[in-house]
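Trainee: This structure is in C-alpha cells; I'll ask about it shortly.
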Amino acid sequence: MPATENSFEWSGGHPALDLVNTLDERPSDAPIENLADYGDLVRFAEQAGLIDIARARHLRRLSAPRYARIAGRARELREQLHEVLAALNRKDALPQDTLKTIAAAIRRAHAARVLVSTAGARIARHDWDWSSSRAAEVPLHACVIAVEDLLVSADRRRIRKCAAADCAVYFIDTSKGRRRHWCSMGNCGNREKQRRWRTG
C-alpha cells in the first residue's frame, strides 16, 4: 500500500468495510468526506489493493470533473452498504430495496469484465479483466466486487461496529474469542477506557 497521501481508515480488515469507513467522523455534525472526487476513488482502490499500480497510474490521467459522477456512485454504494451493516448491527431486518440496488451494481460490475489471456512461462492462462471501453468505471466496479465478497463470503457474526459512542467504524473481528470492541485500541479503546474511568 503506498504510504503517500494515505488519509483512509484501514482498520476494517476488508476492503468493503474500509470503503464504508471512508466517511470519517460519521456520527459528528461535520463528517469528513474522504471520497470527495474521482482521484480519491482511484487512490482508495489502489491503496485497498483493488486495482494495481499500473492501472491506477493510467486512471489518474482520467481524473477530470466529468468523472465526478463515478465518485458519486461510489459514495452511494458506500452508504447503501452502511445501511445494511447498520441493520445487521441493530439486529434489524435487512433493507431489501437497498440489497436489490447493490445486487444490480454487482451485476453491472460483472458484466463489465472480459475474459483475457495472459502469457505465462510455458502456457497462456485466462483471467478476468475490466473492459477498456469503460476504463473510468474500473475503481467503482472493483469496490462493488469487494462489497459482493463481504456480503456473500464474510462471517456476519464477526462484522462489528466500534463500541465507542462517537465512532462508527466497522471492522471484522478476527480475534479468537471474538472480543474485539474497538476499531483501534490505541485510539478509541484507550479513549473509552479513560472516559469510563472518569465517570465510573
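Read the figures in this text as sums done on the coordinates, not as results from a lab. Bear in mind the structure is a predicted one, so any value in this text is a computation, not a measurement.
Trainee: Does the range 28-187 come out rounded, prolate or oblate by the C-alpha gyration tensor, with a ≥ b ≥ c the root eigenvalues, rounded set by a/c under 1.5 and, if not, prolate when a/b is larger than b/c and oblate if not? All intermediate terms of the calculation are to be shown ahead of the outcome.
Mentor: Values: a/c = 1.78, a/b = 1.51, b/c = 1.17.
It is prolate, given that a/c is not under 1.5 and a/b is the larger ratio.
Trainee: Could you work out how much longer the chain between A165 and T101 gets when fully extended? Use 0.36 nm per residue separation minus the Cα distance between them, nm to one decimal. Write down the numbers at each step before the final one.
Mentor: Values: separation 64, 0.36 × 64 = 23.04 nm, distance 2.97 nm.
Extending this stretch completely gives an extra 20.1 nm.
Trainee: Taking the alpha-carbon distance from K176 and a cut-off under 17 Å, which aspartates and glutamates remain once sequence neighbours fewer than 8 residues away in the same chain are dropped?
Mentor: Candidates past the 8-residue exclusion: D155.
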